[in-house]
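What follows is a set of notes on a single structure, which appears directly below.
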2 protein chains.
Amino acid sequence: MPDRVRIALDAMGGDHGAEVILPGADVSLTRHPDIVYLLFGNRAALEPVLDRLPRLKAKSKLVHTEIAIRMDDKPSQALRYGRWKSSMWLAIDAVKKGEADVAVSAGNTGALMAMARFNLKMIHGIERPAIAALWPTMKGESIVLDVGASIGADETHLVNLAAMGSAMARVLFDIERPTVGLLNIGVEEVKGLEQVREAGRILREGQFPHFDYHGFVEGDDIGKGVVDVVVTEGFAGNIALKTAEGTAHQLASYLRAAMNRTWAARLGYLLARQAFRTLRDKMDPRKSNGGVFLGLNGVVIKSHGGADAEGTAAAIDMGYDMVRYELLAKIGQSMARDLKATATETARLASGVSS
Amino acid sequence: MPDRVRIALDAMGGDHGAEVILPGADVSLTRHPDIVYLLFGNRAALEPVLDRLPRLKAKSKLVHTEIAIRMDDKPSQALRYGRWKSSMWLAIDAVKKGEADVAVSAGNTGALMAMARFNLKMIHGIERPAIAALWPTMKGESIVLDVGASIGADETHLVNLAAMGSAMARVLFDIERPTVGLLNIGVEEVKGLEQVREAGRILREGQFPHFDYHGFVEGDDIGKGVVDVVVTEGFAGNIALKTAEGTAHQLASYLRAAMNRTWAARLGYLLARQAFRTLRDKMDPRKSNGGVFLGLNGVVIKSHGGADAEGTAAAIDMGYDMVRYELLAKIGQSMARDLKATATETARLASGVSS
């Protein structure tokens, strides 16, 4: 186990840039004093913030670059002006060169994905990467993927997502055979998109020794923790994730308003404030910020573009855990095994249809 | 304005059937004493429940049928054995014949949609129906559509959904020019599905005098109430809706658990119980149960298959409101006007691309 965790941080990413990312890095450092940072960004933007954060400054090395990827550029544009030299590229490249254990960025998702693929390359047997999110549930946590790495998924990709997600669940949750569900709009076999139905058939009929296929799940089953791994295409997955975050924000604000309305409510709030504090933590979507890019030869974490310091810290914590527990190596092994079974079964069952 | 509202109720639909639907109808009757019911279902199942609900029994006429649509049948199967004679068909047919003002069913969505289309027919100019949900937001309510009438949508259908949703918003929220957003996975122009991007372009560049196109919105913007109308394809819309419901359930259960943990929390709860009661109402997804089928020559409301009596009552209330305020007629007028503009603009702008 490494004696320290080296985190490459794209300090220019996200909606708020260094003003939020560096304080977030500092928060994470208080929880994990064995972190050291490589900070990539414009010195003029970073240094004034670093000067206010002496603890962070002492554990960081700043690598200057004038180029930052804009949030609204296409991946191809970002690659054109940002390859070799942007803060995002350099953070990923530090992982590639072995100078860092994990890269964290709150920047443009498409650009981050394109650069990570281009530089780190995919794990053998995987054609398309995925972003996996840890979703807090009534029973603990589930893994939901893909939450936005790519749009559209055929049945082969959906079955691959099942293998990738269950490999991650096996390691993170320490479960031998995680349960896998396919997100759909009805639990009945007849409903949903053609490719979701077809993936369901392959998963049901195939022999996948490393996970248990549960069947279709619906949006409200995610939070119930019905399965360990929820598989979905990136468009629907991203909408589900952000809708849940939005709903949590909305209900937290109702709660604050309700507890402030009358003197009795305010007094009640004071009495129960410890309970409210625990509750606030559980309801806070920032605490589960951070998507893991799966399928790459290296650990890259995507933080929410709009994350504040607390959210940024959660994404860095996730990267830290991935390194600390050697999750990527374990996931990689697990995934190689699962993907082999997946490829065999998909080919066998898909050919049964087309022939 | 009619002196009473005649509701045709498919008493056999949903996961729980008459045992839940009839008590729900009774709850709605306490709020709207001017309701009269036509109840369709198996006498043997309905009568014992009705005997326990004398108020409901007095305002209802029972129409016996032995045929109920199963929850897991394909629409084509359901049509085959259920046309002319199932409780679902008869409820819709009562609207068609003018014997009822609205049909409410918690049954199989696909079958309900197929039967409603087959019997009531689409409004001129609309090819595919949509299910619209009322979504509680920080600012009040928004309309989200489609939440599951059909899977997949090209740009023309998405623009039609904008017209249908804004017609409903104009009437329900009394706003002259509702704002419309397209659900996508990033606010940047470059992101998202091809057809969503193309619909965005048409809505942005076209002249739509009856609504304001806001641009793309993300999952977390729905609950913020960023726009009056959120337009999305049915698969993603259904997942968003159910995920939000699931999250609300989850957080409500965290809240209950937190308020029960210590004596101080319990005492705090007692003091603030009025505030909690209001909050519970706001957090309760059952209160916004009920999807309106848009695009049909008649009012059909889909209640959640898993709805309890309270949820059933909310769906019936929604049908009641649609009739009471003559919403369908007004929406129909508004929609005819909007769809004309929509067809013109879509044709003009789409042809600019393909030629």
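The values are calculated or read from the model by the stated rules, or taken from the named source; none is laboratory data. This structure is a prediction, so every number in the text was calculated from the model and none was measured. Cβ placement follows ideal geometry from the backbone for every residue including glycine, while neighbour counts extend to all protein chains displayed.
Of the candidates B:D174, B:D228, the single residue that is away from every other protein chain (no Cβ under 14 Å) and at positive phi is B:D174. The set of residues in region B:209-237 being crowded, with 23+ Cβ neighbours inside 10 Å and in a loop (DSSP other than H, G, I, E, B) consists of B:F211, B:E218, B:V227, B:D228, B:T232, B:E233. So, A:A58, is that one among the aliphatic types (A, V, I, L, M) and buried (at least 21 other Cβ atoms within 10 Å of the Cβ) or not? The answer is no for A:A58. For B:S28, the stated conditions hold: it is at pLDDT 95 or above and either surrounded by fewer than 15 Cβ atoms within 10 Å (Cβ to Cβ) or under 15 Å from B:T312 (Cα atoms) (or both). Evaluating A:L50 against the criteria (1) touching a Lys or Arg at 6+ places or on another chain (Cβ under 6 Å); (2) part of a strand (DSSP E or B) leaves one unmet condition, (2).
Within region A:177-186, restricting attention to residues that are of a type outside the set (S, T, Y) and away from chain B (no Cβ under 14 Å), the residue that is farthest from the chain's Cα centre (by Cα) is A:R177.
Pairs needed: first member in region A:39-63, more than 17 Å from A:G13 (Cα to Cα) and assigned by TED's automatic domain parsing to the domain that holds A:P23; second member anywhere, crowded, with 22+ Cβ neighbours inside 10 Å and not aliphatic (A, V, I, L, M); C-beta distance under 8 Å; at least 6 residues apart or different chains. Listed pairs, sorted by first residue: A:L53/A:D26; A:R55/A:D26; A:L56/A:D26; A:L56/A:Y37; A:K59/A:Y37; A:S60/A:Y37; A:K61/A:Y37. Hey, can you tell me all the residues within region B:250-269 that are at the interface with chain A (Cβ under 7 Å from one of its Cβ atoms), in a helix (DSSP H, G or I) and either surrounded by fewer than 16 Cβ atoms within 10 Å (Cβ to Cβ) or among the aromatic types (F, W, Y) (or both)? B:S253, B:Y254, B:A264, B:L267, B:Y269, listed by residue number. The combined condition, being of a type outside the set (D, E, K, R) and at pLDDT 95 or above, is not fulfilled by B:P209. Evaluate the following for B:D338: is it part of a helix (DSSP H, G or I), closer than 23 Å to B:R117 by Cβ and touching a residue at least 60 places away in the same chain (Cβ under 8 Å)? So B:D338 passes the test. Given the residues A:G98, A:G13, A:G24, which is the only one that is in a loop (DSSP other than H, G, I, E, B) and either in contact (Cβ under 8 Å) with a residue 60 or more places away in the chain or aromatic (F, W, Y) (or both)? Residue meeting the stated conditions: A:G13. The listed residues are A:V36, A:V104, and the only one of them that is surrounded by fewer than 18 Cβ atoms within 10 Å (Cβ to Cβ), away from chain B (no Cβ under 14 Å), under 22 Å from the mean Cα position of the chain (by Cα) and closer than 30 Å to A:M164 by Cα turns out to be A:V36.
Going through (1) outside any loop (DSSP other than H, G, I, E, B); (2) within 14 Å of chain A (Cβ to nearest Cβ) one by one, B:K57 falls short only on (2). Among the residues examined, A:V180 does not qualify as under 18 Å from A:I202 (Cα atoms) and modelled with pLDDT under 90. If you check A:K242 against the conditions, is it over 24 Å from A:M335 (Cβ atoms) and touching a residue at least 60 places away in the same chain (Cβ under 8 Å)? The answer is no for A:K242. If you go through region A:120-140 and keep only what is in contact (Cβ under 8 Å) with a residue 60 or more places away in the chain and not hydrophobic (A, V, I, L, M, F, W, C), you end up with A:K121, A:H124, A:G125, A:R128, A:P129, A:P136, A:T137, A:K139, A:G140. Are any residues in region A:70-92 free of Cβ contacts under 8 Å to residues at least 60 places away in the same chain and within 20 Å of A:V292 (Cβ to Cβ), and if so, which ones? Answer for region A:70-92, where residues must be free of Cβ contacts under 8 Å to residues at least 60 places away in the same chain and within 20 Å of A:V292 (Cβ to Cβ): A:P75, A:W89.
Residues are listed down the side, and each one gets a yes or a no for (1) touching a residue at least 24 places away in the same chain (Cβ under 8 Å); (2) part of a helix (DSSP H, G or I); (3) in contact with a strand residue (DSSP E or B) (Cβ under 6 Å, 6 or more places away or on another chain):
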| position | (1), (2), (3) |
| --- | --- |
| A:F276 | no, yes, no |
| A:K282 | yes, yes, no |
| A:F293 | yes, no, yes |
| A:G298 | yes, no, no |
| A:G306 | yes, no, no |
| A:A313 | yes, yes, no |
| A:G332 | yes, yes, no |
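Only residues that are of a type outside the set (S, T, N, Q) and more than 14 Å from chain A (Cβ to nearest Cβ) were counted in region B:270-307, giving 10.
Against the list (1) touching a strand residue (DSSP E or B) at 6+ places or on another chain (Cβ under 7 Å); (2) surrounded by fewer than 24 Cβ atoms within 10 Å (Cβ to Cβ); (3) within 11 Å of chain A (Cβ to nearest Cβ), the condition B:V147 fails is (2).
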